[in-house]
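Q: Have a look at this one before I ask anything.
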Protein chains: 2
Amino acid sequence: MSHKSDIEIARDASKRPIQEIGAKLGIDADHLLPYGHDKAKVSQDFINSVQGNTDGKLILVTAINPTPAGEGKTTTTVGLGDGLNRIGKRAAVCIREASLGPCFGMKGGAAGGGYAQVVPMEEMNLHFTGDFHAITSAHNLLSAMIDNHIYWGNELGIDERRIVWRRVMDMNDRALRDVVVGLGGVPNGFSRQTGFDITVASEVMAILCLARDLGDLEKRLGDIIVAYTREREPIYARDIGADGAMTVLLKDAMQPNLVQTLENNPAFVHGGPFANIAHGCNSVIATTTALKLADYVVTEAGFGADLGAEKFMNIKCRKAGLAPDCVVLVATVRAMKMNGGVAKADLGAENVDAVNEGCANLGRHIGNLKQFGVPVVVAINHFVTDTDAEVQAVKDYVATQGSEAILCQHWAKGSEGTEELATRVAEIAESGVSQFAPLYRDDLSLFEKIERIATAIYRADEVLADKKIRDQLRQWEEAGFGHLPVCMAKTQYSFSTDPNLRGAPTGHSVPVREVRLSAGAGFVVVICGEIMTMPGLPRKPAALEIGLNDMGQIEGLF
Amino acid sequence: MSHKSDIEIARDASKRPIQEIGAKLGIDADHLLPYGHDKAKVSQDFINSVQGNTDGKLILVTAINPTPAGEGKTTTTVGLGDGLNRIGKRAAVCIREASLGPCFGMKGGAAGGGYAQVVPMEEMNLHFTGDFHAITSAHNLLSAMIDNHIYWGNELGIDERRIVWRRVMDMNDRALRDVVVGLGGVPNGFSRQTGFDITVASEVMAILCLARDLGDLEKRLGDIIVAYTREREPIYARDIGADGAMTVLLKDAMQPNLVQTLENNPAFVHGGPFANIAHGCNSVIATTTALKLADYVVTEAGFGADLGAEKFMNIKCRKAGLAPDCVVLVATVRAMKMNGGVAKADLGAENVDAVNEGCANLGRHIGNLKQFGVPVVVAINHFVTDTDAEVQAVKDYVATQGSEAILCQHWAKGSEGTEELATRVAEIAESGVSQFAPLYRDDLSLFEKIERIATAIYRADEVLADKKIRDQLRQWEEAGFGHLPVCMAKTQYSFSTDPNLRGAPTGHSVPVREVRLSAGAGFVVVICGEIMTMPGLPRKPAALEIGLNDMGQIEGLF
């Protein structure tokens, strides 16, 4: 194979008109709303018309805890989708949209890598079909209407100290984290301290990604708690009167985006909530639409399985009535070695002992996933320096865990490299062996839900939370929010809350620093450790290198 | 005729696929980048390929000073475009895009009215093709990079008190007018006072609308002055290293948008700079592209002719090498009556004397426009209550001013109502009688340019400016900006700076309150009176009524 970079491969892609890609899923050109020739939204009318179809099989791709070596979760999602198409199945992939802001800090990212990518790459890293801009507008309209309500007399009695709704921007701008607005005297309103988050951290993003349809979207937007009165009574977005206008702003954004893989197979790329303070999966409407149109839908969840898959199962599947038929757990030999204590610089050398040592992290994820009643296949995402002995060590270890590991070479070979994985995944999915159930019931208390995740998934001994936090949880239960699932925000690098604790730690505690109610999204966010919701730019931001070359191509974005 | 509202007429439109509209101008479907089925961008490649074509004729539509009665400038632009097509000419209209934010304050607006509209109306009032979102992103990336530069050591020596680049949002949000950013200690940077403007007030908007091509766009973005050092040396966007990345963000937005009139004729809708602190016209690239493709291009300028046409001639035409072949000055009988002292409630009753009285405003605009060497036709935009005697009074008056007035009924009848106007405009344009020249030469001093406009257009006796302002202008001349045109920001309701002074006032003074250098856009803004660059929401914002109805249609936006 050639040794081209991801961007070179993406630029050389032989893209087909998006109408041809839609046709593979039975979508007429009339029902595709094109954005250029290689992107389209699937019309709401069409989505309504296929609700009677039988659902396809749902495959979740998740991963071990990420290491700097990389695991290739999206690459494997795309490769598996192409592999299923290769073996004659009608398959689609569903992944998240990228945030624009961070592309100007660190480099932007491909959707996948090597010969397992989704294109068009540049557009997907920039404005794409405008979904995130619509979310920014809807969020900030609500913010403006809150301050406007107070300006004109504050009929609702909002306590200005207790406004919890901030503003958002899709930009890495640390100067906006903590601001005072409303300076300048009477015509500009009442001064107060607030701040901006990055758009992907907006509750509107989480809502768009969990809403079943436009009606559900509007209801959830209305349910957002924006502030409290002096008497601690919640003020909802509905009270402000913003829910209708926000829905109008999000009307087009609710329609899922269709693009294609390098092998011209359909890919839905829609929504992109934070994977810590939100649930980190592509939109429910993209997944449910794909299931109505394809026989196999391959999707992914953010971070490692302890965060991403847990939220996919306990939040997204619970809320949307989804049930995965098979889970693919991605691992790399290099990541096993890093978990086994090898430094990044030394990853090129064979080290079977380190692989064996590092497999503990993989093993725990396998065990965790089985608790949800789903069959697990490990995909070893092959890297050129992996040796046969190292790969065999992973396979042997996985067998001891009652699962199976399959070597995949989609990065170098495209779908040819995932034929074996695709064949096995299809067998498992068709077998009906999956007996999915969420990890906890709705009627546990909020604190018990946290404990359930901490002990069953993180394998911690205990959850630490001070009286203020426990009281807050109880107060929300009394207010009728006790049935909500919890959304854990912790480091993605470890099962514990200490990012340096690799492998499969035990005996640790999970300290809860803060809890937040996302009443519109429908979960309680549990923050364990420092969570940054507005990134900054680095000393040498990528933006300095980004520009158009003489051929009008974008340089420096990747 | 029926008595349907603008939105009802727009919803009933028989739209043709945008590819058919493009074909009328010789644009292949391959060169149209569709956004849904009724909007498209014209590809940069195609634009490059038609540069050898002969230019069509350019018609500017402008108006008397606006009154609450309305004059119908965009309606007439659209009606004239349709009228020219009706009489067998290949014509296109070029108008501005609407800003999203204000639609949630007061009602959003149609592009045109009655049977002279551009569609799709809803999309054009909301996200459209994302141009304004791209401008917001590009503007705010520069803002973030300025604070980031200071955060990491301030190598350029930016004086934090002299940062002149603010942030923007496409939202009416008065709380953001005046803010302090960078609170929260070391990780969030240095605290300083700044603010947000609405996106249409961004210099990036003005630049996008004046740039000839992507290369010119990048150069102008680099030329933006963002701050000064302690020694008062300017710091440019180029010094911050943001120009390349901003160009990448604006790459798609630079391509003009093609939509259609109700009569399925081509309409370019592209760019929308403020008409006070900027030049208030659609993009140069839309106009120049339309001229390469159509035999007649009908475009408009913001506000009345004293502001809009003056800037169209002295800024846009000067910079882009354009020359109008004919100017259409829109007037209504109702507006004449208001200028003649009639209250809005009494406009329904015939009042020929008031019409005669109010014609002074019209007459001065005719005289002003002739100073640019262009032939002027007055279009009387007919309203149902106008009487024959009133219409005749306007015609008679215009004849005394060495021009001609033509009654138009496009609002009620579409192109049938502008046949006479279109025929006459085509005759004049073809006659080659226009001898366009800007009002002042580049080599006048900045203050002389202000005086030239104030005396020749506003008919003021003098310009008042204190020493600080005169010194600032001289300083910019010494720094090499003396050749720039001036961009006047004053009330649109009067020739003077007093909005209540209707008709054709004389003997007034023009006080200059502030001057600003838009070095990227390439003009010096001269502010006479209070100019608001971030609107607020009213007590009962339109957003309260906006929502989707049971059929999924947008209600309350209009």
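Q: Output the residues belonging to the stretch B:542-551 that are open to solvent by less than 60 Å² (accessible area, probe 1.4 Å) and either facing chain A (nearest Cβ under 7 Å) or in contact with a strand residue (DSSP E or B) (Cβ under 6 Å, 6 or more places away or on another chain) (or both).
A: Listed by number, the residues that qualify are B:A543, B:I546, B:G547, B:L548, B:N549.
Q: Another question about this same structure. Taking A:I554 as meeting all but one of (1) within 14 Å of chain B (Cβ to nearest Cβ); (2) surrounded by fewer than 19 Cβ atoms within 10 Å (Cβ to Cβ); (3) touching a strand residue (DSSP E or B) at 6+ places or on another chain (Cβ under 8 Å), write down the number of the exception.
A: Exception for A:I554: condition (2).
Q: Continuing with this model, one more query. Working carefully through the options B:G153, B:G130, find the one that is open to solvent by 10 Å² or more (accessible area, probe 1.4 Å) and closer than 28 Å to A:R539 by Cα.
A: One residue alone meets the criteria, B:G153.
Q: Could you tell me how many of the residues in the stretch B:179-192 are assigned to a strand (DSSP E or B) and either more than 13 Å from chain A (Cβ to nearest Cβ) or farther than 27 Å from A:P187 by Cα (or both)?
A: 0
Q: Go through the stretch B:426-460 and report how many residues are part of a loop (DSSP other than H, G, I, E, B) and either closer than 20 Å to B:H365 by Cα or of a type outside the set (K, R) (or both).
A: Result for the stretch B:426-460: 17.
Q: Only one residue in B:V328, B:V394, B:V376 is surrounded by 24 or more Cβ atoms within 10 Å (Cβ to Cβ) and touching a Lys or Arg at 6+ places or on another chain (Cβ under 8 Å). Which one?
A: B:V376
Q: I would also like to ask the following. Considering only the stretch A:523-558, state which residues are touching a Leu at 6+ places or on another chain (Cβ under 6 Å) and under 30 Å from A:Q472 (Cα atoms).
A: Matches in the stretch A:523-558: A:F523, A:V524.
Q: Say whether the condition of being in contact (Cβ under 8 Å) with a residue 40 or more places away in the chain, open to solvent by less than 10 Å² (accessible area, probe 1.4 Å) and not acidic (D, E) is met by at least one residue in the stretch B:511-519.
A: Checked against the condition, which is being in contact (Cβ under 8 Å) with a residue 40 or more places away in the chain, open to solvent by less than 10 Å² (accessible area, probe 1.4 Å) and not acidic (D, E), the stretch B:511-519 yields no hits at all.
Q: I'm trying to understand the selection: among the residues of the stretch A:235-275, which are hydroxyl-bearing (S, T, Y) and not in a helix (DSSP H, G or I)?
A: So in the stretch A:235-275, the residues hydroxyl-bearing (S, T, Y) come out as A:236, A:247, A:261.
Within the stretch A:235-275, A:Y236, A:T261 meet the criteria.
Q: Suppose we filter B:G157, B:G113 for residues that are modelled with pLDDT under 95, out of contact with any Pro (no Cβ under 7 Å at 6 or more places or on another chain) and over 26 Å from A:L126 (Cα atoms); which single one remains? Don't jump to the end; show me each part of the working.
A: Working: B:G157 fails: modelled with pLDDT under 95.
On inspection, the qualifying residue turns out to be B:G113.
Q: B:R539 passes all but one of (1) over 21 Å from B:N172 (Cα atoms); (2) at pLDDT 95 or above; which number fails?
A: (1)
Q: Also, quick follow-up: Mind counting the residues in the stretch A:39-58 that are touching a Lys or Arg at 6+ places or on another chain (Cβ under 9 Å) and either among the acidic types (D, E) or part of a helix (DSSP H, G or I) (or both)?
A: 3
Q: With the condition kept exactly as written, say whether any residue in the stretch B:337-350 is open to solvent by 30 Å² or more (accessible area, probe 1.4 Å), of a type outside the set (K, R) and on the phi > 0 side of the Ramachandran plot.
A: yes
Q: Could you tell me which residue of the stretch B:527-541 is farthest from B:P511 (Cα to Cα), considering only residues that are more than 7 Å from every other protein chain (Cβ to nearest Cβ) and open to solvent by less than 10 Å² (accessible area, probe 1.4 Å)?
A: For the stretch B:527-541, the residue satisfying everything is B:M534.
Q: Quick check on my filter: what residues within the stretch B:56-88 are touching a residue at least 40 places away in the same chain (Cβ under 8 Å), within 19 Å of B:E263 (Cα to Cα) and open to solvent by 10 Å² or more (accessible area, probe 1.4 Å)?
A: If the condition is that a residue be touching a residue at least 40 places away in the same chain (Cβ under 8 Å), within 19 Å of B:E263 (Cα to Cα) and open to solvent by 10 Å² or more (accessible area, probe 1.4 Å), then B:G72, B:K73, B:T74, B:T75, B:N85, B:R86, B:I87 are the ones that fit.
Q: Something else now. Looking at the stretch A:7-46 only, could you name the residues that are of a type in the set (S, T, N, Q) and away from chain B (no Cβ under 13 Å)?
A: The first filter runs over the stretch A:7-46 and keeps only residues of a type in the set (S, T, N, Q), leaving A:14, A:19, A:43-44.
Scanning the stretch A:7-46 gives a single hit, A:S14.
Q: A further question follows. Which condition breaks for A:A286 when tested against (1) more than 23 Å from A:A454 (Cα to Cα); (2) out of contact with any His (no Cβ under 9 Å at 6 or more places or on another chain)?
A: All conditions pass for A:A286, except number (2).
Q: Examine the stretch B:492-501 for a residue that is within 27 Å of the chain's Cα centre (by Cα) and modelled with pLDDT of 95 or more, and state whether such a residue exists.
A: no
Q: Could you list all residues from the stretch A:294-318 that are modelled with pLDDT under 95 and surrounded by fewer than 24 Cβ atoms within 10 Å (Cβ to Cβ)?
A: Matches in the stretch A:294-318: A:F303 only.
Q: A follow-up question, please. Scan the stretch A:138-164 for residues that are of a type in the set (G, A, S), over 18 Å from A:V180 (Cα atoms) and within 12 Å of another protein chain (Cβ to nearest Cβ) and jot them down.
A: Scanning the stretch A:138-164 gives A:A138, A:G153.
Q: Would you pick out the residues in the stretch A:465-510 that are closer than 24 Å to A:L444 by Cβ, hydrophobic (A, V, I, L, M, F, W, C), assigned to a loop (DSSP other than H, G, I, E, B) and touching a residue at least 60 places away in the same chain (Cβ under 8 Å)?
A: A:F495
Q: Mind checking whether some residue in the stretch B:177-185 is in contact with a Lys or Arg (Cβ under 8 Å, 6 or more places away or on another chain) and of a type in the set (D, E, K, R)?
A: No - not one qualifying residue is present in the stretch B:177-185.
Q: Can you tell which of B:A98, B:A92 is in contact (Cβ under 8 Å) with a residue 12 or more places away in the chain and crowded, with 23+ Cβ neighbours inside 10 Å?
A: B:A92
Q: Can you give me the number of residues within the stretch B:85-118 that are in a loop (DSSP other than H, G, I, E, B) and of a type in the set (A, V, I, L, M, F, W, C)?
A: Counting residues in the stretch B:85-118 that are in a loop (DSSP other than H, G, I, E, B) and of a type in the set (A, V, I, L, M, F, W, C) gives 5.
Q: Let me ask something else. Look at the stretch B:193-223 and say how many of its residues are in contact (Cβ under 8 Å) with a residue 24 or more places away in the chain, open to solvent by 20 Å² or more (accessible area, probe 1.4 Å) and within 11 Å of chain A (Cβ to nearest Cβ).
A: Going through the stretch B:193-223 one residue at a time, the tally reaches 3.
Q: Here's something else I'd like to know. Restricting to the stretch B:128-159, what's the tally of residues that are within 18 Å of B:E231 (Cα to Cα) and among the charged types (D, E, K, R)?
A: So the count comes out to 2.
Q: Go through the stretch A:372-392 and count every residue that is touching a residue at least 60 places away in the same chain (Cβ under 8 Å) and touching a helix residue (DSSP H, G or I) at 6+ places or on another chain (Cβ under 6 Å).
A: Adding up the residues that qualify gives 3.
Q: May I ask you to list the residues in the stretch B:234-275 that are open to solvent by 20 Å² or more (accessible area, probe 1.4 Å), away from every other protein chain (no Cβ under 14 Å) and either over 22 Å from B:A479 (Cα atoms) or modelled with pLDDT under 95 (or both)?
A: B:L262, B:E263, B:N264, B:F274
The values are calculated or read from the model by the stated rules, or taken from the named source; none is laboratory data. Values in this document were obtained by computation on a predicted structure and should not be read as measured data. Note that each Cβ is placed from the backbone with ideal geometry, even for glycine, and that neighbours are counted across all protein chains shown. Heads up: the accessible areas ignore ligands, DNA and RNA and are worked out on the full protein's heavy atoms, side chains in. Shrake-Rupley method; radii C 1.70, N 1.55, O 1.52, S 1.80 Å.
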